[in-house]
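Novice: Dumping the structure here so I can ask a few things about it.
The values are calculated or read from the model by the stated rules, or taken from the named source; none is laboratory data. Here the structure is a predicted model, which is why all the values come from computation and not from measurement. Positions of Cβ are generated from backbone atoms using ideal geometry, with glycine treated the same way; all protein chains shown enter the neighbour counts. Just so you know, the surface numbers come from the protein's heavy atoms only, side chains and all, with ligands and any DNA or RNA stripped out. Shrake-Rupley method; radii C 1.70, N 1.55, O 1.52, S 1.80 Å.
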Amino acid sequence: EKAMQLGVPDAWDRMGTYHQNGLIRGGDATTAYAFFQRAADMDSPSALTYLGYKMAGTYDDPDGEFWGNSDVGTRMLECALTQGYGNAAEKLGFIYSRPETYEAKLRALKVLHEGVKLGSANCAKTLDSEFRGFNLSTGRNLSGKVDIQRAERYAVFGNALEHYDGRLKLPNLDKVLPLPPAPLPKWDGNKQTLIDAAKAIAP
């Protein structure tokens with residue numbers, strides 16, 4: 001509450017979570033969404049991501065579980081991503097890939113890869129699955145082929161990013177794990193070497 005009074009956007013977002021989970025007497029989904037909306041209006045990236053994905057459906061759910069406004073939801077997610085919030089990229093990846101064209105899948109791959117750079121373990125784990133061939137038989141796989149070497153590197157990053165919980169950024173990811181068709185640089189198999197090479201260069 002003190003942080004809310006100081007105008008901290010994520011404090012409003014956190015209070016929404018407290019209301020949604022019933023940690024506040026009288027709190028419910030209605031009051032929670034009011035806090036989420038206020039936080040989003042203040043540009044909280046986590047609130048923008050949560051509400052953006054809820055609104056990014058292409059139709060409304062009759063039971064009121066989500067409200068379809070794909071254009072607005074997508075813009076909210078993109079706003080969160082431009083603030084450096086990596087988990088927004090995971091949600092955008094799902095949205096961008098919806099047309100299931102080659103261009104749409106490539107766009108989704110790129111945004112997920114950007115999410116890994118920004119510290120999203122979810123993006124790394126999604127790309128790990130994609131390069132292992134998830135949904136390959138249905139034609140919905142983003143990469144279009146199995147690439148175990150890339151998958152293994154994304155798995156290493158996914159585990160590391162999960163451990164750091166958003167505190168680790170990988171701005172030099174492309175040096176050790178570029179997207180195809182770029183060839184993969186050599187790697188000695190040492191996980192820490194891979195992680196260190198993708199981190200920011202320290203002076």
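Novice: Pull up segment 79-108, narrow it to residues that are in contact (Cβ under 8 Å) with a residue 24 or more places away in the chain and among the acidic types (D, E), then point me to the one that is nearest to T30 (Cα to Cα).
Specialist: Only one residue tops the list, namely E90.
Novice: Taking only segment 169-194 into account, find how many residues are under 21 Å from S129 (Cβ atoms), surrounded by fewer than 19 Cβ atoms within 10 Å (Cβ to Cβ) and within 21 Å of the chain's Cα centre (by Cα).
Specialist: 4
Novice: Inside segment 99-116, can you point out the residues that are in a helix (DSSP H, G or I) and surrounded by fewer than 18 Cβ atoms within 10 Å (Cβ to Cβ)? Working first, answer last.
Specialist: Our first condition is that a residue be in a helix (DSSP H, G or I); within segment 99-116, this holds for 102-116.
Scanning segment 99-116 gives Y102, E103, A104, L106, K110.
Novice: With L127, L168 as the choices, which residue is closer than 25 Å to Y50 by Cα, part of a helix (DSSP H, G or I) and not acidic (D, E)?
Specialist: L127
Novice: Check whether at least one residue in segment 149-158 is open to solvent by 20 Å² or more (accessible area, probe 1.4 Å), out of contact with any Ser or Thr (no Cβ under 8 Å at 6 or more places or on another chain), assigned to a loop (DSSP other than H, G, I, E, B) and small (G, A, S), and report yes or no.
Specialist: no
Novice: Right, here's the next one. Modelled with pLDDT under 95, under 27 Å from E78 (Cβ atoms) and either in contact with a Leu (Cβ under 9 Å, 6 or more places away or on another chain) or of a type in the set (A, V, I, L, M, F, W, C) (or both): which single residue out of A160, A200 fits that description?
Specialist: Checking each option against the conditions leaves just A200.
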